[in-house]
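The block underneath contains the structure these notes are about, expressed in structure tokens.
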Number of protein chains: 2
Amino acid sequence: MSDLTRTTAWAALQQHQHAIAPLHLRDLFARDPGRFERFSLQAGPLFLDYSKNRITDETLTLLLALARESQLPEWIERLFRGDRVNGTERRAALHTALRHRDHSPVLLDGTDVMPDVRRVLDQMRRFSESVRSGEWRGYTGQPITDVVNIGIGGSDLGPAMVVSALDADCGPLRLHFVSNVDGADLSLTLRRLNPAQTLFVIASKTFTTQETLLNARSARDWFLAQAGNPSHVARHFVAVSTHRDEVVRFGIDPAHMFEFWDWVGGRYSLWSAIGLPIALAIGMDRFDALLTGANEMDEHFRHSPLARNMPVLLGLLGVWYTNFFGAQTHAILPYDQGMHRFVSHIQQVVMESSGKNVTRDGRPVSCATGSVVWGGPGTNGQHAYFQLLHQGTPLIPADFLAPIESRTPLGEHHRVLLSNFLAQPEALMRGKTAQEVRVELERAGLKGDDIERLLPHRCFSGNRPSNTLLFQKLDARTLGALIALYEHKTFVQSVVWDINAFDQWGVELGKQLARDLLSELSGMPARAPHDASTSGLLDHVRKRLPSA
Amino acid sequence: MSDLTRTTAWAALQQHQHAIAPLHLRDLFARDPGRFERFSLQAGPLFLDYSKNRITDETLTLLLALARESQLPEWIERLFRGDRVNGTERRAALHTALRHRDHSPVLLDGTDVMPDVRRVLDQMRRFSESVRSGEWRGYTGQPITDVVNIGIGGSDLGPAMVVSALDADCGPLRLHFVSNVDGADLSLTLRRLNPAQTLFVIASKTFTTQETLLNARSARDWFLAQAGNPSHVARHFVAVSTHRDEVVRFGIDPAHMFEFWDWVGGRYSLWSAIGLPIALAIGMDRFDALLTGANEMDEHFRHSPLARNMPVLLGLLGVWYTNFFGAQTHAILPYDQGMHRFVSHIQQVVMESSGKNVTRDGRPVSCATGSVVWGGPGTNGQHAYFQLLHQGTPLIPADFLAPIESRTPLGEHHRVLLSNFLAQPEALMRGKTAQEVRVELERAGLKGDDIERLLPHRCFSGNRPSNTLLFQKLDARTLGALIALYEHKTFVQSVVWDINAFDQWGVELGKQLARDLLSELSGMPARAPHDASTSGLLDHVRKRLPSA
């Protein structure tokens, strides 16, 4: 592809931004009664209102032209049909096959991957039902009560998020997630558990991930300290991996290894066997519903026209703010306490996918790519960081998400939640003028200097953009659709920016340097000289390390 | 103050930025062997290395000149001596008095506040000891096993963070924190609790916070459903508030109201009676140690020369990146699993304090203020968002924090953690050149086109700045110092930017609009017309709300 910033579509958007920048959303709404109807749409269980964005019909026309100039429709087709869209690793990114629901084949190099996918799903069903029903027994003959997933990154964030969103402690098993190599994570988790009734799921694609294997070995030590006989390991440890040899070497029965494939990226792996803890927590039927919801979004993404395509619209709006308004962040604000881990998962999906500074063919990018995704559940954020959203200087586009119906209805709580959920995007958009503040302060009995002193501090510029996503209830299907929505949105942006959304070379250098530093922390000489800061810190630490 | 961006110091920094921008940190280290010694310092339990910043001695000289031009020393003195630094609300911000440790007075309008401070600390000690020892009994005569703190924003984030960092489930009480008005938060917390052994701490400055009072009333309903007699409420509910009347109206014995004062801002309130759940979790002696650590940082901040003053240096470095490199975010990366809530607390401190777009005297600011604070515990982040830190396009200054010694030592875990902790800032700083990548790929046996294809994707530009903060162990004193460090850093930036760090008018508009929307959700007519988007969303929701 030619340089993005030299395309006609890009130049037109830059021109157009000068026309849009001075317009206030208040006025755009005032002069266009059809704005909400035109700038909203339903896809499966999700309703999106994007009318509170700093756009006009022309903006969308130009953004869609940019998408076409980037060959977005072709790339969407390449993604779904198993092309090696991950060019640097020469791999497909076929997570959509994991949630493919009908009986048509999904070909990868001419071979249908679906028989393998279904085989592992069947294995997950049998295993999760056996553990959940109590048929599966630990080494003392007791049923399993607690499951500890040991994994990191994609082998942790996705499953942990779905379990906390959907489980609500109702199932027969308690799920725990250990990821950090900090020993506190494992130690504090195990403190309350009984080895005879604990099942460990060790999740690592290569089965060599440093953190995961160290945690897995410490967990095995803890287990054997009570169980004694290493042959018991097979009843209490199962693996999710692509590397059978390493799994067997650990002591895990290969019959209890759950496979996935090199065309499943870590951050898209919750749909694969990496989702095993989800199946254990909520049962395989609801895991299937999760896949169905994602599949509905896949179908919508693949077949809807760009102008009525939810991931496409969200992706292009992101490009609009990142590249034409200089926004470096994007806030995701779910008004659902169960979604308190949602942001962390999407943060990985977005930031690992779009944190790239070369194009697919290796040229330096000529514009900003990616953004920092952050946020958290409302209404909590309103009492923490919303001050900066309302009166701060940076432009921060935000997505507000909420279920219309609560899963745990309690008096007036959900109506109060929804009233806040509706009020915040309204406040961000309309703001409050000096005239409005003046009237309010006068009504409150303030006079003269007091009014003048407070007035500027109590004004809100407004014109701060947001999307609103509504759904009936946060069930498995809806959550599946939501996650897939953000996955595809991220892909859309990667296509526009001409970057590879599916590799992550940026994590390698730190790993390499850590290996050297680990041996130096243990007293070995440096293999290569460090800068003075790293050496100085290493000395500082070494002098103060407790003796082993 | 005159317009910041028209000062001599500002202009000099702008000039200087052009000189610094092309310099690589690798080269700065190579040509200056004393860089680490010069750009590092100890304050109390904290060691800061700031040598991996894109600065030279001249940068610091110019930043310090800006600080002096902003009258920073005078403002520090005003803060500590109880001046009404919160101009819009005409209040002092005397959180430093809460951790004042010697017997000298702290005057506010000529009156020593310390007798009041000590009276409440004594009350907290008596009460927490009585509950922890089991002397305090519930209505059935059983001791308390679970404490539920109900509060939001500053009445939640600070205490919850300190408890999760220091408690580690060792004490006699289990602590729970409910903040969100989403009924799931309270319902799922109460599901496992026994009313007869549960104590509620209702924390709200005004005792009218919508979320907190609704949660408190629902908690009281849950309690009375079993306890029956409303007179039992007094044994199971205590309050932290400034409003006695409201507290009594709720049914709480005023003897069990823990007072604080209007000179304690919400985001600085964990040092006050808002810290009661901390005292209940870890005991009053360790709460005292927390105050002592904060006080050490206060003394350092008040009395150290600007050039060797940790909060001042961190604050100015933040200004450097925000205003001269266009950074909109700041990452905080503690390598300690117990600190997984640290970022959320500091996020509130920073974003609520600096999310302002008018100066103290009400003029629009002429430069960016504030930034989005985000992050989370390492090593987890390395497998999630670090890709964008290493190879993304935006400049993201980062703070790396770690304890040299683990509180829960477990085999090799802590050394592995520390090796990663040291490696990441090194990797961000030095990067990896094309030549280095080429050698590596050749060694790995790659050839010709394969090397050329991969090369650009595996390069790291480096030159990405970070601070490193080391401390021996995460104990109460150290955590106190760390929190106070970020509080004062935030104050330093507010002084440079000439904004009020202590008000938060930006949260008001959303609250007002939510009131109207709540009555409309319940079927009342609109008091004022909404924009088409808000009306449309309201309709969409109303049609789908389950009947009450």
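Only Cα sites of region B:415-521 enter the Debye sum here, all with the same form factor; the resulting log10 I(q)/I(0) across q = 0.11, 0.13, 0.18 1/Å is -0.74, -0.82, -1.01, listed in q order. Just to be sure I understand: of the beta bridges DSSP finds with both ends in the protein assembly as shown, what percent are antiparallel, rounded to 5? Percent antiparallel among DSSP bridges in the protein assembly as shown is about 30.
Which shape class, rounded, prolate or oblate, goes with the protein assembly as shown when its Cα gyration tensor gives a ≥ b ≥ c as root eigenvalues, a/c under 1.5 marks rounded, and past that a/b bigger than b/c marks prolate? Could the numbers behind the result be given before it?
Details: a/c = 1.18, a/b = 1.14, b/c = 1.04.
Note, shape of the protein assembly as shown comes out rounded.
Across all C-alpha atoms in region B:486-543, the radius of gyration and Dmax reach 18.3, 50 Å. Between the helical axis of B:434-443 and the longest alpha-carbon principal axis of chain B there is an angle of about 90 degrees.
Helix A:413-430 and the longest principal axis of the C-alpha atoms of chain A enclose an angle of approximately 50°. Over all orientations, region B:334-389 has a Cα convex hull whose mean projected area works out to 4.7 square nanometres.
How big is the Kirkwood radius of region A:108-285, worked out from every pair of different alpha carbons and given in Å to one decimal?
16.1
Rg over Rh of region B:1-147, using C-alpha atoms and the Kirkwood radius, what does it come to?
Taking Rh as the inverse mean 1/r over Cα pairs, Rg/Rh reads 1.19.
Take the Cα radius of gyration of region B:388-454 and divide it by 2.2 N^0.38 Å, N being the number of residues; the result is 1.55.
Need one number: % antiparallel among DSSP beta bridges in region B:108-285, to the nearest 5.
Taking every DSSP beta bridge within region B:108-285, about 10 percent pair in antiparallel fashion.
With kT/(6 pi eta Rh) evaluated at 4 °C and eta = 1.567 mPa s, and Rh the Kirkwood radius from Cα pairs, region A:328-427 diffuses with a coefficient of 85 µm²/s according to Stokes-Einstein.
When the helices in chain B are scored as -39500 (n - 2.57) per DSSP H run of 4 or longer and the sum is shared across all residues, what 222 nm value do you end up with, to the nearest 500 deg cm²/dmol?
-14500 deg cm²/dmol
Indicate the gyration tensor shape class of region A:171-244 (rounded, prolate or oblate), computed on the Cα atoms with a ≥ b ≥ c the square roots of the eigenvalues: a/c under 1.5 is rounded; otherwise a/b larger than b/c is prolate and the rest oblate. Since a/c stays below 1.5, the shape of region A:171-244 is classed as rounded. What is the distance in Å between the Cα centres of region A:262-307 and region A:56-103? Using only Cα atoms to place each centre, the spacing works out to 17 Å. With neighbours defined as other Cβ atoms within 10 Å of a residue's Cβ, the residues B:V247, A:V240, A:V343 order from fewest to most as A:V343, B:V247, A:V240. Region B:410-470 and region A:155-229 have their alpha-carbon centroids 29 Å apart. Across the cross-link table entries A:K473/B:K543; A:K52/B:K356; A:K432/B:K511, which are compared at the Cα atoms, the separations over 18 Å belong to A:K52/B:K356. For A:K447, the aspartates and glutamates whose Cα comes closer than 16 Å to its Cα, not counting residues fewer than 8 places off in the same chain, are A:E436, B:E89.
The alpha carbons of chain A give a radius of gyration and a Dmax of 25.7, 83 Å, in that order.
Throughout, read-outs are computed from the coordinates displayed, never taken from laboratory work. Everything quoted here is computed from the prediction, not taken from an experiment. All Cβ positions, glycine included, derive from the backbone under ideal geometry; neighbour counts span all protein chains shown.
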